[in-house]
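These notes are about the structure you will find just below.
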Amino acid sequence: MIKTTYYQDMTRLNTFGMKVKARCFVEYDSVADLVDIEFEELARPVLHIGGGSNLLFTDDFKGTILHSKINFIEILEESSDCPSPVLVSVGAGVVFDDFCAWAAKEGLWGVENLSYIPGEVGASAVQNIGAYGVEVKDVIRTVYCYDTVEEEFVNFDVEDLGYGYRDSAFKDPEIKGRYIVTHVVFALSRTPQPKLDYGHLKAAVEPNGVTPEAIRKAIIKIRKEKLPETSVMGSAGSFFKNPVIGAEHFERIESAAKAELGQDYKVPHYDLPDGLVKVPAAWMIEQCGWKGRRSGGAAVWEKQPLVIVNYTGEAFPEEIIGLERRIVASVKAKFDIELHPEVEHI
Ligand SMILES: Cc1cc2nc3c(=O)[nH]c(=O)nc-3n(C[C@H](O)[C@H](O)[C@H](O)COP(=O)(O)OP(=O)(O)OC[C@H]3O[C@@H](n4cnc5c(N)ncnc54)[C@H](O)[C@@H]3O)c2cc1C
């Protein structure tokens, strides 16, 4: 069934809670519905959303917003040979964490570390969501889509989707918006494959027995302690990407930090191939004094400075963007690094 609404209030359809309207909102609940939508006729621009948890609406949306309610989880194939994968097909409109909960209950390994990430299955394949040492590309087998240009169904194997850190071919500006994800086939496993190397996960899980359910539980607890519940305080998670810089640039940052904070001080970083260094944006934002600071209705989250929140629940997009700009300017001034948003500005 296709349902079209005009001047749809989007407040509850984006986790930042921006009070904006969409001129036209089209929701559908089956793969076949996509054939009946006249894409040429839709008011432009056209945007397909999931749970709206990686978006910042900067204004009312003047075109058409599409949303999938394709909602199924189905085991396609399971062989008794060990360790053959259990192939599971999941509709794009399924809440990703519902899928994680289902998998944990079934005793299936693969997505337990991705528990409690907001959003839906369709977007997970676009975003290549990741947490606690796992990215969704590790368990994706095939992504099924509707091509809105050729008006046909297509599918892509994981190898063809150019997956990288929070990145996929779907984000390529040349094709962005062309393909609508309808469902995703994941390769899960009944063979235990715990990934516990990240943070304090091992210590939190091992006493309770290592199962997908136990890992899921531990991760949900950690995430709840660190991140604001979007139902209580609007946000889109990590607002900025972690920048990657050259080794010389990093040395300059480190010696300035040692001069300021003491010779034993260590700047958090991850060494990458080719002499590149990834520096956590959260550390830089904190060093610039932003942690916990408010600016109008917006604020930097006190427990995780990478997250900008709709502190009052009434923040205007301009207030979020204003805070974003001030953070970017101060990080540039202090570290000579340009931060880029991870959150998509609409
Ligand atoms: C509190 C919080 C914590 C978070 N933690 C994490 C984390 O740990 N790891 C992580 O990776 N992310 C995290 N995120 C970001 C967010 O959860 C992910 O980016 C998620 O995949 C967004 O899903 P969504 O359904 O809300 O997509 P939306 O934000 O609605 O859309 C994201 C993108 O996907 C596209 N899209 C959506 N559905 C479809 C579809 N069916 N077909 C084609 N394109 C589509 C949209 O056009 C858009 O470009 C967090 C966000 C919040 C609010």
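The values are calculated or read from the model by the stated rules, or taken from the named source; none is laboratory data. In this text the structure is predicted, and so the values were computed from the model without any measurement. Neighbour counts are summed over all protein chains in view; Cβ atoms, including those assigned to glycine, are modelled from backbone coordinates with ideal geometry. All accessible areas refer to the heavy atoms of the entire protein, side chains included, with ligands and DNA or RNA removed. Shrake-Rupley method; radii C 1.70, N 1.55, O 1.52, S 1.80 Å.
Shown for the range 47-152: the carbon plus sulfur share of the solvent-accessible area, taken with all protein chains present and a 1.4 angstrom probe, equals 47%. Expressed as a whole percent, the accessible area of the range 199-338 that falls on carbon and sulfur atoms is 51 (1.4 Å probe). Considering only VAL136, TYR198, SER30, and ranking their Cα positions along the charge dipole of the chain that arises from unit charges at the beta-carbon of Lys, Arg, Asp and Glu, the one farthest toward the positive end is TYR198.
A convex hull fitted around the alpha carbon atoms of the range 2-68 yields 77 Å³ per residue. Classification of the range 147-288 by its C-alpha gyration tensor yields an oblate form. The axis ratio a/c (a ≥ b ≥ c) is 1.5 or more, and b/c is at least a/b. Applying the Karplus relation 6.51 cos²θ - 1.76 cosθ + 1.60 with θ = phi - 60° to the range 298-306 yields 3J(HN,Hα) values of 9, 7, 8, 4, 5, 9, 8, x, 7 Hz, where x marks Gly and Pro. Between the range 16-58 and the range 155-210, the C-alpha centres lie 24 angstrom from each other. Here the chain is treated with +1 on each Lys and Arg Cβ and -1 on each Asp and Glu Cβ, and its dipole about the Cα centre works out to around 1600 debye. Placing a label point 7 Å from the Cα of ARG294 along the Cα-to-Cβ direction, no residue of the range 226-241 has its backbone N under 14 Å from that point. Out of all DSSP beta bridges with both ends in the chain, state the antiparallel percent to the nearest 5. Percentage antiparallel, nearest 5: 80. Taking amide H as placed 1.01 Å from N in the peptide plane, LYS21 has its amide H under 5 Å from the amide H of MET10, ASP60, PHE61, each at least 5 places away in sequence or on another chain. If a spin label sat at a point 7 angstrom from the Cα of GLU38 along the line to its beta carbon, the backbone N atoms of the range 126-160 nearer than 18 Å would be those of 148-152. Here the range 73-226 is assigned +1 on the Cβ of each Lys and Arg and -1 on the Cβ of each Asp and Glu. Its dipole about the Cα centre then comes out at about 940 debye. For the range 122-169, how big is the tail of P(r) above 17 Å, as a whole percent of Cα pairs? For the range 122-169, the fraction of Cα-Cα distances above 17 Å is 32 percent.
The relative contact order of the range 1-159 comes to 16 percent, based on Cα pairs under 8 Å that sit 6 or more residues apart.
Note: relative contact order over the range 237-346, using C-alpha pairs below 8 Å and six or more positions apart, is 29 percent. Within a straight-line Cα-Cα reach of under 13 Å, LYS137 can be paired with the following aspartates and glutamates, leaving aside sequence neighbours fewer than 8 residues apart in one chain: ASP157, GLU159, ASP160, ASP167.
How much accessible area per residue does the range 2-68 have, counting only protein heavy atoms and a probe of 1.4 Å, in square angstrom?
Counting only protein heavy atoms, the per-residue value for the range 2-68 is 48 Å².
Cross-link partners of LYS21 among aspartates and glutamates, defined as those whose alpha carbon lies under 19 angstrom from its own and excluding same-chain residues fewer than eight positions apart: ASP9, ASP59, ASP60, GLU314, GLU318, GLU319, GLU344. Taking 21 Å as the limit for the C-alpha separation, the pairs LYS226/LYS332; LYS195/LYS221; LYS171/LYS291 exceed it in the case of LYS226/LYS332; LYS171/LYS291.
Given R0 = 30 Å, the distance between the Cβ atoms of ALA259 and GLU302 translates into a calculated FRET efficiency of 0.65. Residues within the reach of a label modelled at LYS266 (point 7 angstrom out along Cα to beta-carbon, backbone nitrogen below 18 Å), restricted to the range 223-252, are 250-252.
Kirkwood hydrodynamic radius, the chain, all distinct C-alpha pairs: what's the number in Å?
Across the chain, the inverse of the average 1/r is 21.6 Å.
How large is the dipole of the range 267-346 about the Cα centre if only Lys and Arg carry +1 and Asp and Glu carry -1, each at its Cβ, rounded to the nearest 20 debye?
In debye, rounded to 20, the range 267-346 gives about 340.
Near VAL46, the amide H atoms lying under 5 Å from its own belong to THR64; only residues 5 or more places off or on other chains count, and H is placed 1.01 Å from N.
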